[in-house]
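Peer 1: Please find one structure pasted underneath; my questions will follow.
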Amino acid sequence: MANTDKTLPWGQTPWLVDFHPEPSAIPDAVDFAVIGGGFTGLSTAANLRRLNPQKTVAVFEAETIGARSSGHTGGLTLGETAAGDLPGLGDVLAGLSEITRQLHVECDLTLPGAWELDRSTETETSPLRWNDSGELRVAREVPGGTVDPGKLVSGLGRAAVELGALILEGARIDQIDFGDPLSLYVNGSPVRAQRVLIATNSESLELSGLAEQAEPKLTLALATGSLSDTQLEALGLSAGKPFYTIDLPYLWGRLLRGNQVVFGSGLISVKNWRDLTALDVRSGEASELLRRLEKRVANLHPALADTRFSHRWGGAILISDRWLPVFAPHPRTPRVIVLGAYSGHGVALSVYLGAWAAEALLDRRDLPKWSNP
């Protein structure tokens, strides 16, 4: 089911976050506070309660769960970070599968593999051939797949609540006092916490300490109307494998249920993360980039020449130094962990590292060696 709120400045997505927690009073104190109600924060909260149900856990979300990056992603699940495989990372896709199984999250997760495309590989056996600043062909297949982002957010949120975590929507953290205990100011009211995870990704960069160390951007996507089986076969997409280019100009995409295809490309830079919320895909640079993407898609293959588009939207990503995800203690105290900056590879990684963060907050696992904020 699509998100049909046409007033959203980031546009309409082909999926819906259909779970929202019952309103609750803001607590005076919790053992663990999670800031951000996206994939990362919800995975952490659910796993904290799963691993130690005696501890109190609260998620503080400024808007509604999945309202930003997690609800506006393209839903590609990839096995590595944007910087590639990292020492000690482990099997991200197997981890994602296990986490969704343990938490009983139904999210249409499929892992058929993903195609890396380029314009220089010379092969006569490429499953697809598209015209895009040269001929796009499959360079290689890598582990990967897709998920329904709305179902994943909803499932993680539902699991967290069923396990006893408190999820507070419309609960913006204004500041943190780094005392002992920590004090979080939620809409002006203090909440004491023993440990904190900041999982706000591209927003609230002053809270996370990433304001000068990572760049927020808006990436754009659109979905076609339903295509016929014959069209999908001609395009080379009937196998259902997502794809992305490894050279420029960049293009990524995936198949949806109902034979729709998502195509994504383009980045809009902002000077300050707050400017992200003001971007509107119906006007300005975002609208122009989407118009160009529509034209680009129509020219990829004759099967797309007369394609109509059902959804147009944008989603935020946060790009850090060397494209490494940030998973490290806050600069002010090790009792606060910062996790995010997935550089466009965050769907599987955020859920996987969120579960790792739960173990770290419980002092059952060390943080990785490859990330420093």
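The values are calculated or read from the model by the stated rules, or taken from the named source; none is laboratory data. All of these numbers come straight from a predicted model, not from anything done at the bench. Quick reminder, even Gly has a Cβ in these numbers, built from the backbone with ideal geometry, and neighbours come from all protein chains shown. Heavy atoms of the whole protein, side chains included, go into the accessibility calculation; ligands, DNA and RNA do not. Shrake-Rupley method; radii C 1.70, N 1.55, O 1.52, S 1.80 Å.
Peer 1: Do the conditions hold for THR245, that is, is it open to solvent by less than 30 Å² (accessible area, probe 1.4 Å), under 30 Å from GLU294 (Cβ atoms) and not small (Gly, Ala, Ser)?
Peer 2: It is true that THR245 is open to solvent by less than 30 Å² (accessible area, probe 1.4 Å), under 30 Å from GLU294 (Cβ atoms) and not small (Gly, Ala, Ser).
Yes or no, residue by residue, for (1) assigned to a loop (DSSP other than H, G, I, E, B); (2) open to solvent by less than 60 Å² (accessible area, probe 1.4 Å); (3) under 30 Å from TYR185 (Cβ atoms):
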| position | (1), (2), (3) |
| --- | --- |
| THR100 | no, yes, no |
| TRP115 | no, yes, no |
| SER120 | yes, no, no |
| SER133 | yes, no, no |
| ARG137 | no, yes, no |
| ARG140 | no, no, no |
| LEU168 | no, yes, yes |
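Peer 1: While we're here: Among the candidates LEU207, LEU227, LEU182, single out the residue that is over 24 Å from the mean Cα position of the chain (by Cα), open to solvent by less than 40 Å² (accessible area, probe 1.4 Å) and closer than 30 Å to LYS55 by Cα.
Peer 2: Answer to the check: LEU182.
Peer 1: Has the range 41-57 got at least one residue that is modelled with pLDDT of 95 or more and part of a strand (DSSP E or B)?
Peer 2: Yes - at least one qualifying residue is present in the range 41-57.
Peer 1: Further question on the same structure: Looking at the range 87-98 only, could you name the residues that are surrounded by fewer than 17 Cβ atoms within 10 Å (Cβ to Cβ) and assigned to a loop (DSSP other than H, G, I, E, B)?
Peer 2: Within the range 87-98, PRO87, GLY88, GLY90, ASP91 qualify.
Peer 1: Also, quick follow-up: In the range 18-70, what count of residues is obtained for those that are out of contact with any helix residue (DSSP H, G or I) (no Cβ under 6 Å at 6 or more places or on another chain), surrounded by 24 or more Cβ atoms within 10 Å (Cβ to Cβ) and small (Gly, Ala, Ser)?
Peer 2: 6
Peer 1: If I ask for residues that are part of a strand (DSSP E or B) and open to solvent by 20 Å² or more (accessible area, probe 1.4 Å), which ones from the range 143-166 would you list?
Peer 2: LEU166
Peer 1: If you don't mind, there's one more thing I want to ask. Restricting to the range 268-301, and then to whatever is in contact (Cβ under 8 Å) with a residue 12 or more places away in the chain and part of a loop (DSSP other than H, G, I, E, B), can you tell me which residue is surrounded by the most Cβ atoms within 10 Å (Cβ to Cβ)?
Peer 2: Ranking the qualifying residues of the range 268-301, first place goes to VAL281.
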